[in-house]
Amino acid sequence: MFTLIENQIEEYCEEHTTPENGLLYKLNRETHLKVMNPRMLSGHLQGAFLTFVSKMLKPGHILEIGTYTGYSTLCLAEGLPENGKIDTLEIDVELEDMIREYFSQSPLNEKINLIIGDALEIVPMLDTVYDLVFIDAEKRHYTDYYKMILPKIRRGGIMLVDNVLWNEKVVGEINEKDFDTKEIMEFNDMVQKDNSVRNLLLPFRDGIMMIEKL
């Protein structure tokens, strides 16, 4: 839970960050009004961060695990070159209509490939080599996603993994039945010990692990 000071800092940061474009603003608002767990939305600051990373990398191919309502997808797609593509996977079929509605309003729509289904089943079938990956999905499968996706990333490619601080639970007492927190801690430890990557854990929002494949 954010403290008052943390909320004020986040508001200050948002006030000094380039505003969302009209489509992102509308999607942000509708997600908060109509969709359960709107906190899952990347939102203004994280969205701007994803756009910056994507524009710096200029990735030819992006993979996203966890579309939610499509906010992060639209931000990531900003950095795609003319023939670039983003494959974005979402397991919740009930979100599909809303996602496609907003994608259709974006000039980046033709670069976006939305796949509805379970990433654990879909990722092994993908034969693309990715330059940039963003994971923001089922926390209990973070290790599985990592092991499946890392071989599909080019050397020098980047993986971004969201929520790796998990409401600060990673540094507190753990409930024996809190499997999500246990998984995230095990994931963070695994990445730290993996000599095939270089990693940086950013204390940004709920924590983002940046991973470069060596």
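Please list, or write none, the lysines whose alpha carbon is within less than 23 Å of the alpha carbon of LYS152, excluding same-chain residues fewer than 8 places away.
LYS55, LYS58, LYS85, LYS111, LYS139, LYS193, LYS213
Test of understanding: ordering THR73, THR88 by Cβ neighbours within 10 Å, fewest first, what list do you get? Intermediate results must be reported in sequence, preceding the final value.
Working: THR73 29, THR88 25.
Least crowded to most crowded, the residues run THR88, THR73.
Check LEU201: other-chain or 5+ apart residues with amide H under 5 Å from its amide H, H built from backbone geometry?
MET210
Taking neighbour Cβ counts within 10 Å as the exposure measure, how do MET159, MET210, MET125 sort from fewest upward? It would help to have the intermediate numbers written out before the result.
Details: MET159 23, MET210 16, MET125 8.
In increasing order of surrounding Cβ atoms, one gets MET125, MET210, MET159.
Each residue of segment 127-132 in order: what ³J(HN,Hα) in whole Hz does its phi give by Karplus 6.51 cos²θ - 1.76 cosθ + 1.60, θ = phi - 60°, with x for Gly and Pro?
So the J values, rounded to whole Hz, are 10, 7, 9, 9, 9, 9.
Rounded to the nearest 0.05, what FRET efficiency do GLU15 and GLN105 have when you use their Cβ-Cβ distance and R0 = 25 Å?
For R0 = 25 Å, the calculated efficiency reads 0.45.
Can you tell me the dipole magnitude for the chain around its Cα centre, using point charges on the Cβ only (Lys, Arg +1; Asp, Glu -1), in Debye to the nearest 20?
680
Of the listed values (i) 65, 41, 32; (ii) 68, 44, 25; (iii) 45, 44, 33, grab the one calculated as Cα extents along the principal axes in Å from the structure here.
Checked against the structure: label (iii).
In nm, what is the difference between 0.36 nm times the number of residues separating MET210 and ASP180 and their Cα-Cα distance?
Stretched fully, the MET210-ASP180 segment lengthens by 8.8 nm.
If a helix is a whole DSSP H run, which ones in the chain reach 20 Å or further along their own axis (Cα) and hold a mean Kyte-Doolittle hydropathy of at least -1.0?
On the way: long enough: 43-57 (21 Å, 0.80); 179-193 (21 Å, -0.76).
Once both thresholds are applied, what remains is 43-57, 179-193.
Arranged by the count of other C-beta atoms within 10 angstrom, fewest first, what order do LYS177, LYS111, LYS58 take?
LYS177, LYS58, LYS111
Could you let me know the centre-to-centre spacing of segment 1-52 and segment 137-214, using Cα atoms, in angstrom?
22
Pull up the cross-link candidates among the aspartates and glutamates for LYS182, meaning alpha carbon to alpha carbon under 19 Å and not fewer than 8 places away within one chain.
The reachable aspartates and glutamates, counting only those whose Cα sits under 19 Å from LYS182, are ASP136, GLU138, ASP144, ASP162, GLU168, GLU173, ASP194, ASP206.
Report the extension gain between GLU96 and LEU120 in nm, rounded to one decimal, defined as 0.36 nm multiplied by the number of residues separating them, less their alpha carbon distance.
Stretched fully, the GLU96-LEU120 segment lengthens by 6.8 nm.
Rank PHE49, ILE62, ASN37 by how far each Cα sits towards the positive end of the charge dipole of segment 1-64 (+1 on Lys, Arg Cβ; -1 on Asp, Glu Cβ) and give me just the farthest.
Going by the charge dipole, the pick is ILE62.
Only the coordinates and a few stated rules stand behind these numbers; no lab work does. What you see is a predicted model, and the numbers here were worked out from it, not measured in a lab. Here the Cβ is made from the backbone with ideal geometry for all residues, glycine too, and neighbour counts use every protein chain on show.
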